[in-house]
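Participant: Sharing a structure here in structure tokens format.
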Amino acid sequence: MVLTKLFNDFFNSERASGVILVCCTLFSLIATNVLPGYFEFWHIQIASHSITDWINDGLMAIFFLLIGLELEREVYIGELSTVKSALLPALAALGGMLLPASIYYFINNNGGDTRGTGIPMATDIAFALGALSLLGKRVPSSLKVFLTALAVIDDLGAILVIAIFYTNTLHWMNLGIAAGIFAALIVLNRLKVYTLWPYLAGGVAMWYFMLHSGVHATITGVLLAFAIPFGNGSQHSISYRLQHFLHKPVAFIILPVFALANTSIPISHDFYYALGGTISLGIMAGLLVGKPLGIFAFTYATVRLKIASLSADIGWKHILGAGILGGIGFTMSIFISLLAFDSEPLIHQAKIAIMLISTISGIIGFIYLRTTLKEEASEQV
């Protein structure tokens, strides 16, 4: 399978971004508990919002814009461009969302906190692809594409979960204005206006009204992505140019800043007691057990029912390995935990569980796939 330049750029940027995210997370955890004033810095108020709020509501909208552009490309000319090619990663992603959510809900249904049900549904693209890329050229191209498509669809699922289940009281006037701006951008698209600035200006206005509508403002990024003309998807299209431009700022600025702000967690000497709580257990079981089982089971059923088929260069061991890497939640899981809970101790508890189990999933997935690929290489000799 020949991978496009844009896909290779994306894959390589996610690989480097994953390493940077690890460094930022470690630094932030240490700095919060060692440097006076570090934790308080992220809570400085600017225009009635903390620095962390501006990052989560503002900068992350740009991250979602990139996700939307990547999803748009996959839908038009990529792995999701035909029903048959889209079904395998789509159904795998569905399994990887439903089973973790079910496990969390089952653990928390009696006396726990079910608001966090959406937390273990997400896969972190940067960390998952970063871990996969560390395995080098032995990784089958089809596995890279499968995991990428799965993670992108997974993010779409997380976006829908945020929009539907983590929306507070709606302010219909602001929501209507945001919808009107989106409709105007769609009209510009249909009129074949290929200048980027009207879309970006409209996107900023749409973000402002969405922020004050009760629907999370980051949804604006995805809507804007699908309003921007895709054209034929060539390097000269404004969709391609914007996506190419955003890769490095998102990978090397926005996501690292998000990690610094949101992993600033004061850790007490008895923090491990919280890991035995239902919230932590639901998150950890959902990501470590639910993700790989859900992805593998739905993929297996899809192939056995002859709805879709595996590519020739990957087998069931590869799918299981991808499923284990799917248990790396981090960015999206932390993001959903911020929306799910309004208590700082609960948010910190969720973040610690997410970081711990994402690390474990990454290590297990990496070791499992490395062993599998080595065995395959030795069999071919």
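Participant: Lysines within cross-link reach of residue 84: Cα-Cα under 25 Å, excluding same-chain residues under 8 positions apart?
Facilitator: Straight-distance partners of residue 84: 5, 144, 291, 306, 317.
Participant: Which whole-angstrom value gives the distance between the alpha carbon centres of the range 100-148 and the range 315-330?
Facilitator: Cα centroid of the range 100-148 versus Cα centroid of the range 315-330: 8 Å apart.
Participant: Go through 161, 148, 59 and say which Cα lies farthest out towards the positive end of the charge dipole of the range 44-183; charges sit on Cβ, +1 for Lys and Arg, -1 for Asp and Glu.
Facilitator: Of 161, 148, 59, it is 148.
Participant: Next question. Which of 58, 96, 180 moves most in a GNM of the chain, Cα contacts under 10 Å?
Facilitator: 180
Participant: Give me the accessible area of residue 139, 1.4 Å probe, in Å² rounded to the nearest 10.
Facilitator: 10 Å²
Participant: Which value, in debye to the nearest 20, describes the size of the charge dipole of the chain about its Cα centre when Lys and Arg Cβ atoms bear +1, Asp and Glu Cβ atoms bear -1, and nothing else is charged?
Facilitator: That gives the chain a dipole magnitude of about 940 debye.
Participant: On to the next question. Taking the Cα centre of the range 261-365 as origin, sum charge times position over the Cβ atoms of Lys and Arg (+1) and Asp and Glu (-1), and report the length of that vector in debye to the nearest 20.
Facilitator: 480 debye
Participant: Is the shape of the range 230-299 best called rounded, prolate or oblate, per the rule: a/c under 1.5 gives rounded, else a/b larger than b/c gives prolate, else oblate, with a ≥ b ≥ c the square roots of the Cα gyration tensor eigenvalues?
Facilitator: Judged from the Cα gyration tensor, the range 230-299 comes out oblate (a/c at least 1.5, b/c at or above a/b).
Participant: Could you work out the mean projected area of the convex hull around the alpha carbons of the range 232-381, in square nanometres to one decimal?
Facilitator: For the Cα atoms of the range 232-381, the hull's average projected area reads 13.6 nm².
Participant: Step through the residues of the range 141-153 one at a time and calculate ³J(HN,Hα) from phi using the Karplus curve (6.51 cos²θ - 1.76 cosθ + 1.60, θ = phi - 60°), rounding each to whole Hz and writing x for Gly and Pro.
Facilitator: 4, 5, 5, 4, 5, 4, 5, 5, 4, 4, 5, 5, 5
Participant: So for the chain, averaging the separation of alpha carbon pairs under 8 Å that are six or more residues apart and normalising by length, what relative contact order in percent results?
Facilitator: Relative CO of the chain lands at 30 percent.
Participant: From the convex hull of the Cα coordinates of the range 293-349, what is the mean projected area in square nanometres?
Facilitator: 5.3 nm²
Participant: Follow-up. Using a 1.4 angstrom probe, figure out how much accessible area the chain has per residue, in square angstrom, rounded to the nearest whole.
Facilitator: Averaged over the residues of the chain, the accessible area is 44 Å².
Participant: Per DSSP H run of n ≥ 4, the term is -39500 (n - 2.57); total these for the chain, divide by its residue number, and report the mean residue ellipticity at 222 nm rounded to 500 deg cm²/dmol.
Facilitator: -22500 deg cm²/dmol
Participant: Additional query: Through the Karplus equation 6.51 cos²θ - 1.76 cosθ + 1.60, θ set to phi - 60°, convert the phi angles of the range 351-362 into ³J(HN,Hα) values in whole Hz; use x for Gly and Pro.
Facilitator: Working through the residues one at a time gives 4, 4, 4, 4, 5, 5, 6, 5, 5, 5, 4, x Hz.
Participant: Identify which of the listed values of percent of Cα pairs over 39 Å apart was calculated from the structure shown: (1) 14; (2) 25; (3) 41.
Facilitator: Given (1) 14; (2) 25; (3) 41, the calculated one carries the label (1).
Participant: If I take R0 = 30 Å and measure r between the Cβ atoms of residue 81 and residue 31 in this structure, what FRET efficiency does the formula 1/(1 + (r/R0)^6) give, to the nearest 0.05?
Facilitator: It comes out at approximately 0.10.
Participant: A further question on this structure: Would you mind pulling out the separation of the Cα centroids of the range 176-250 and the range 43-99, in Å?
Facilitator: One Cα centre to the other: 14 Å.
Participant: Where does the longest stretch of the chain lie that holds no trypsin sites (Lys or Arg not before Pro) found in a DSSP loop with 16 or fewer other Cβ atoms within 10 Å?
Facilitator: Segment 1-191 is the longest.
Participant: What list of whole percents do you get for P(r) of the range 44-94, with Cα-Cα distances grouped in 5 Å bins up to the one holding the largest distance?
Facilitator: Values per bin, smallest distances first: 5, 19, 16, 15, 11, 10, 9, 7, 7, 2.
Participant: Take the Cα atoms of the range 52-188, find their three principal axes, and give me the spread along each one in whole Å, biggest first.
Facilitator: Each principal axis gives a Cα extent; for the range 52-188 these are 53, 51, 33 Å.
Participant: Moving on to the next point. Can you give the extra length, in nm with one decimal, that the chain gains between residue 208 and residue 134 once fully stretched, where that is 0.36 nm per residue apart less the Cα-Cα distance?
Facilitator: Result: 22.7 nm gained on full extension.
Participant: Another question about this same structure. Of 47, 247, 20, which is farthest towards the positive pole of the chain's charge dipole, taken about the Cα centre with +1 and -1 on the beta-carbons of Lys, Arg and Asp, Glu respectively?
Facilitator: 247
Participant: Sort the range 259-316 into rounded, prolate or oblate with this rule: let a ≥ b ≥ c be the square roots of the eigenvalues of the Cα gyration tensor; rounded if a/c is under 1.5, and if a/c is not under 1.5, prolate when a/b is larger than b/c, oblate otherwise.
Facilitator: Verdict is prolate for the range 259-316.
The values are calculated or read from the model by the stated rules, or taken from the named source; none is laboratory data. Since this is a predicted model, take the numbers as computed values, not measurements. Methodologically, a virtual Cβ is constructed for each residue, glycine included, from the backbone with ideal geometry; neighbour enumeration extends over all protein chains shown. When the accessible area is computed, the model is the full protein with side chains, heavy atoms only, and any ligands, DNA or RNA have been set aside. Shrake-Rupley method; radii C 1.70, N 1.55, O 1.52, S 1.80 Å.
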